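Student: Provided herewith is a single structure, encoded as structure tokens, for subsequent inquiry.
The values are calculated or read from the model by the stated rules, or taken from the named source; none is laboratory data. All of these numbers come straight from a predicted model, not from anything done at the bench. As a convention, Cβ positions derive from the backbone with ideal geometry for all residues, glycine included, and neighbour counts pool all protein chains shown.
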Amino acid sequence: MKKKITLKHIARELGVSISTVSKALKNSEEIGADTKEKVQAFAKLYNYKPNNIAISLKNKRTKNIGVIIPDIVHHFFTTVFRGIEKYANAKGYNVIVCVSDESFDREVINMELLANGSIDGFIMALSAGTQLKNDYNHLKEVTEQGIPLVLFDRVTEDIKCDKVIINDKKGAYNAVTKFIKDGRKRIAMITTEDYFSVSRERAAGYRDALSDNGIAFNEDLILKFPSMTIDEKVIEDFFNREKVDAVLSVNEIFAIHSMRLVQSKGLKIPEDISFIGFTDGLLSKYASPGLTAVAQHGEHMGEIAAEMLIEKVESELEEETYTTRVLEPTIIERGSTVN
């Protein structure tokens, strides 16, 4: 049985660019007769089945972008989507959004559903299930078909594509440094397992800040959840067991639940215990007191992701180059910390 091949395989075997292969298969007048004959003969020999997007020319684009997000509950992902839609619409593109619901299987199904010629490229953040399985074959298949892909926030180095992220390590480092400057010494972290790329980076920033300020790392002060789902009983047991005077939370939902719990125990915020959480969403703004937050600038991240993808879709360059854009985090101070 002949193996299934892609545009990239044909280009590599014949020593030409993907763009040349695409145009040759379309009988473009830009390609010489000899090259067209070689490409078409090779494609026929291996029973190549063209992908509608992979060989689409500029005047045959769908002008649709596929966006896959892990969750619609977390404010961050909705702001990223808002930024994507804002930029894409201004450039004449429509946006189709799917939710993986943190599931590997749903992420794969969503990609298969959209990668049938209905979109020009993908923008996505990896689901928890995908990062846990560490299986990115569905992403590799898409990129090998010549479909542009931009990853944001939750990314992997295993896939060669454009990416846009926040400097999570620096955000956590700055938050812990602020706690220490405010006189806090027993600083806890509420996070998720390290298979989440963002949690891994934030944990590294937490540890570095402690080390640089002469505070020993204490494993007992780390509360890890297996996913982004909160368990109130686990949080209650943690605060009953450990005496802390500051908490860095990997997201605002964990932080708000924790704030309510310690307040129910008679502790005052920020006098007895301070809180900082990532995201800076509506929960942070309207909590009592307001939650000091590490802003991830989701809307701006979405705009950049859309800009990077559309540039790839419309590019005539034959050489494949990929860029990772790193945004700087900002701490928004509110009543949950000492000013």
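Student: For region 285-301, state whether one or more residues are buried (at least 21 other Cβ atoms within 10 Å of the Cβ), of a type in the set (Val, Ile, Thr), touching a residue at least 24 places away in the same chain (Cβ under 8 Å) and over 30 Å from residue 17 (Cα atoms).
Tutor: Within region 285-301 (the criterion being buried (at least 21 other Cβ atoms within 10 Å of the Cβ), of a type in the set (Val, Ile, Thr), touching a residue at least 24 places away in the same chain (Cβ under 8 Å) and over 30 Å from residue 17 (Cα atoms)), the answer is yes, since at least one residue qualifies.
Student: Against the definition (in a helix (DSSP H, G or I), free of Cβ contacts under 8 Å to residues at least 40 places away in the same chain and buried (at least 17 other Cβ atoms within 10 Å of the Cβ)), how does residue 175 come out, yes or no?
Tutor: No, not satisfied.
Student: Of all residues in region 144-172, which are more than 15 Å from the chain's Cα centre (by Cα), buried (at least 19 other Cβ atoms within 10 Å of the Cβ) and under 23 Å from residue 110 (Cα atoms)?
Tutor: 146, 147, 148
Student: When you scan region 211-227, do you find a residue that is under 29 Å from residue 66 (Cα atoms) and crowded, with 17+ Cβ neighbours inside 10 Å, even just one?
Tutor: No, region 211-227 contains no residue that is under 29 Å from residue 66 (Cα atoms) and crowded, with 17+ Cβ neighbours inside 10 Å.
Student: Evaluate region 218-227: report whether one residue or more is under 25 Å from residue 177 (Cβ atoms), among the basic types (Lys, Arg) and not in a helix (DSSP H, G or I).
Tutor: Yes - at least one qualifying residue is present in region 218-227.
Student: What pairs come up if the first residue lies in region 323-336 and is free of Cβ contacts under 8 Å to residues at least 24 places away in the same chain and closer than 14 Å to residue 178 by Cβ, the second is of a type in the set (A, V, I, L, M, F, W, C) and assigned to a strand (DSSP E or B), and their beta carbons are under 7 Å apart, counting only those six or more places apart or on different chains?
Tutor: If the second residue must be of a type in the set (A, V, I, L, M, F, W, C) and assigned to a strand (DSSP E or B), no pairs are left.
Condition check ((1) of a type in the set (Asp, Glu); (2) closer than 26 Å to residue 332 by Cβ; (3) not assigned by TED's automatic domain parsing to the domain that holds residue 127) across all residues:
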residue: 208; (1), (2), (3): yes, yes, yes
residue: 217; (1), (2), (3): no, no, yes
residue: 223; (1), (2), (3): no, yes, yes
residue: 253; (1), (2), (3): no, yes, yes
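Student: Also, quick follow-up: Taking region 256-315 as the region of interest, how many residues are assigned to a loop (DSSP other than H, G, I, E, B), small (Gly, Ala, Ser) and within 12 Å of residue 76 (Cα to Cα)?
Tutor: Count: 1.
Student: Mind telling me which of the residues 39, 67 ends up being at pLDDT 85 or above, crowded, with 16+ Cβ neighbours inside 10 Å and under 30 Å from residue 278 (Cβ atoms)?
Tutor: Unique residue meeting the criteria: 67.
Student: On to the next question. Among the residues of region 123-134, is there at least one that is in contact with a Ser or Thr (Cβ under 9 Å, 6 or more places away or on another chain), assigned by TED's automatic domain parsing to the domain that holds residue 272, part of a helix (DSSP H, G or I) and over 19 Å from residue 304 (Cβ atoms)?
Tutor: No - not one qualifying residue is present in region 123-134.
Student: Still on this model: If you scan region 178-204, which residues turn out to be in contact with an Asp or Glu (Cβ under 9 Å, 6 or more places away or on another chain) and crowded, with 19+ Cβ neighbours inside 10 Å?
Tutor: 178, 179, 184, 187, 188, 197, 198, 199, 201, 202, 203
Student: Tell me yes or no: at least one residue of region 300-311 is farther than 18 Å from residue 167 by Cα, outside the structural domain of residue 125 (by TED's automatic domain parsing) and not polar (S, T, N, Q).
Tutor: No, there is no match, as no residue in region 300-311 is farther than 18 Å from residue 167 by Cα, outside the structural domain of residue 125 (by TED's automatic domain parsing) and not polar (S, T, N, Q).
Student: How about region 207-246: which of its residues are among the charged types (D, E, K, R), free of Cβ contacts under 8 Å to residues at least 24 places away in the same chain and farther than 24 Å from residue 197 by Cα?
Tutor: Correct list: 233, 237, 241.
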